[in-house]
Every structure is written in C-alpha cells, then in structure tokens.
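Asker: Can you read through this structure? Questions will come right after.
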Ligand SMILES: *[C@@H]1O[C@H](CO)[C@@H](O)[C@H](O)[C@H]1NC(C)=O
Ligand SMILES: [Ca+2]
C-alpha cells in the first residue's frame, strides 16, 4: 500500500526503528477502507493475483456471504474462498463449468445448486447461507433462492480464516490453480456470522438499507492486494 511505502524509505540501519516502521506498515495495510461505489478488477488469468480480506473472527456457527460479480468465464471459478488450517474449503462459493451450477462447500462438504441463471457479462448478486444447527445451506442468485440442501458440515467453522477473492485455496492461504482463478469484477462483499433472512437478502440484492456484514463489511473493509488486481470505481450501465 503506497500510504506506507514512504515510511520504509526512511527505514535506517537502526534496527529498533526499522522494526517499529514495519509494525506501522502492518497496521497501515490493515486499516479499514470504505469501498462504497468501488469494485476489484481481476484483469488477468494468473495463479497468484488475489485480494485477501481480513477478519479477527475465528469461530462461526453460521455464515452468510453476499457479493456481486461480473465475468465472462464459463469454466470453473472461485467466487469466495475461505480456508482454515483444518479445511481448505471451509466456506467456498464456486461456479462450476456446467452453465447452471453453483457449488457451496462448508468444512469440505459440498452441495450443488442447479438451475442457476448465471449469465455472462452481467452483474449478479450471489449470496450463500449456512448454519451449523440445521446443517442446511442455501444459495441465492439475484435474490432467487435455491432449494435448501443438507451439508454434512458437522459443527462450527473454527481456526484462523484466510479469506481470498480471485483464487481458490487448496491449502491455508495457497494452493492456487490457474484453471480456477477468477477474472472479471467483484464488488460489495459482505459476510455475517448468522444466516440472513430472505427479506434481508432482498434488501442486499436491491441495495436498500441493509445491515452491513459484521464479519466483512464492504464499507469498512480490511484487505491486502497481491498481484494485478485493481480497485476501481464500479462500472454501471447507466448514465445520470
Ligand atoms: C459454535 O460457535 C458459537 C459462537 O461462535 C459458540 O457459542 C458455540 O459454543 C460453538 N459450538 C461448539 C460446539 O463449539
Ligand atoms: Ca480448495
């Protein structure tokens, strides 16, 4: 992050001072930013470019993730990859090659939501909900629910989560596969530690006054970009 690199330039051979500056660097990259009206652009097929989203939370008995995506990929690609030390697919939203299938994986158990009208070159809202009590998962495409499915997830998602956009993790923070990378744009990522009600999902989809994520909040997002990912103004097909 350029806000911090200037501090590094002043880094002298004095070891303590250097250490202090590095601590500042870490703190600075983690400062939350309001990304309202912005999007991440993933313009290139790589096995490295990604955005890491930060949270201090380490246990989840329920999860909702919502995001908006735009792509022309018809192959497999990850939309949201959360790995813990014990499960690389601790919470994964994955678009399958089959045109109409989106897969939801929790603690390495997966279900498929079929019949999804995931058109290319179109902004879509994708939400996924799961809770450990019912062990039910559900996917929402543009506010339209899929059939609820049993996910044999067992119990809570626990352990330090590494959350990545742009790549699919096959290990805790790595194991990226170029054939599963995301290219296109992603915006308005939120994550909650509970299952949103259908009504709250509609409010997110319609960009009404919804409760922002209490785990990840697009309006106060802590993130780190690696490789060629750009933070840009969100493109909309409207003139005002
Ligand atoms: C699951 O997590 C919730 C809150 O995050 C906690 O209250 C509960 O005790 C956990 N359940 C188990 C079985 O550890
Ligand atoms: Ca994986």
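Where a number appears in this text, it was derived from the coordinates with a stated rule and is not lab data. In this text, all values refer to a predicted model and were calculated from it rather than measured experimentally. Here Cβ is always computed from backbone atoms with ideal geometry, including for glycine, and neighbour counts include all displayed protein chains.
Asker: Which order results if 96, 148 are arranged by neighbouring Cβ count within 10 Å, fewest first?
Answerer: Details: 96 17, 148 14.
Ordered from fewest to most neighbouring Cβ atoms within 10 Å, 96, 148 come out as 148, 96.
Asker: Using a/c under 1.5 as the rounded threshold, could you call the range 87-175 rounded, prolate or oblate? The axes a ≥ b ≥ c are square roots of the C-alpha gyration tensor eigenvalues, and prolate needs a/b larger than b/c, oblate otherwise.
Answerer: Numbers: a/c = 2.08, a/b = 1.26, b/c = 1.65.
Cα axes put the range 87-175 in the oblate bin.
Asker: Something else: Sort 215, 189 so that the residue with the fewest other Cβ atoms within 10 Å of its own Cβ comes first and the one with the most comes last.
Answerer: Details: 215 20, 189 25.
Least to most surrounded, the residues fall as 215, 189.
Asker: Between 0 and 90 degrees, rounded to the nearest ten: what's the tilt of helix 15-29 against the longest Cα principal axis of the chain?
Answerer: In the chain, helix 15-29 runs at an angle near 30 degrees to the longest axis.
Asker: Can you figure out the FRET efficiency of residue 52 with residue 177, using R₀ = 22 Å and their beta-carbon distance, to the nearest 0.05?
Answerer: Numbers: r = 17 Å, r/R0 = 0.78.
With a Förster radius of 22 Å, E is 0.80.
Asker: Next up: If each DSSP helix of 4+ residues adds -39,500 (n - 2.57) and the sum is divided by the residues in the chain, what number results at 222 nm, nearest 500 deg cm²/dmol?
Answerer: Taking each H run of at least 4 residues, the total per residue is -4000 deg cm²/dmol.
Asker: Okay, next question. Would you mind putting 55-65, 223-233 in packing order, based on average other-beta-carbon counts within 10 Å, highest first? Before the final figure, lay out the partial values.
Answerer: Numbers: 55-65: 17.5, 223-233: 14.5.
Taking the mean over residues of other Cβ atoms within 10 Å, the ranking is 55-65, 223-233.
Asker: Compare 66, 199, 181 in a GNM of the chain, Cα atoms joined below 10 Å, and give the one with the largest fluctuation.
Answerer: Greatest mean-square fluctuation among the candidates belongs to 199.
Asker: Which of the three applies to the range 168-240, rounded, prolate or oblate, going by the alpha-carbon gyration tensor with a ≥ b ≥ c and a/c under 1.5 meaning rounded?
Answerer: Details: a/c = 2.05, a/b = 1.32, b/c = 1.55.
Here the range 168-240 falls in the oblate category.
Asker: Which distance in Å, rounded to a whole number, links the C-alpha centroids of the range 202-220 and the range 42-79?
Answerer: 17
Asker: Now for a separate question. Rounded to whole Å and sorted largest first, what semi-axes of the equivalent ellipsoid does the C-alpha gyration tensor of the range 44-150 yield via the square root of 5 times each eigenvalue?
Answerer: 21, 18, 12
Asker: Next question, about the same structure. May I ask you to sort 190, 172 by Cβ crowding, counting other Cβ atoms within 10 Å and putting the fewest first?
Answerer: Working: 190 22, 172 17.
Arranged by neighbour count, lowest to highest, 190, 172 become 172, 190.
Asker: Scattering from the C-alpha atoms of the range 38-233 alone, worked out with Debye: what is log10 I(q)/I(0) at q = 0.17 1/Å?
Answerer: -1.12
Asker: Now a separate question. When the label point is put 7 Å from the Cα of residue 203 along its Cα-to-beta-carbon vector, which residues of the range 143-182 have a backbone N closer than 17 Å?
Answerer: 143
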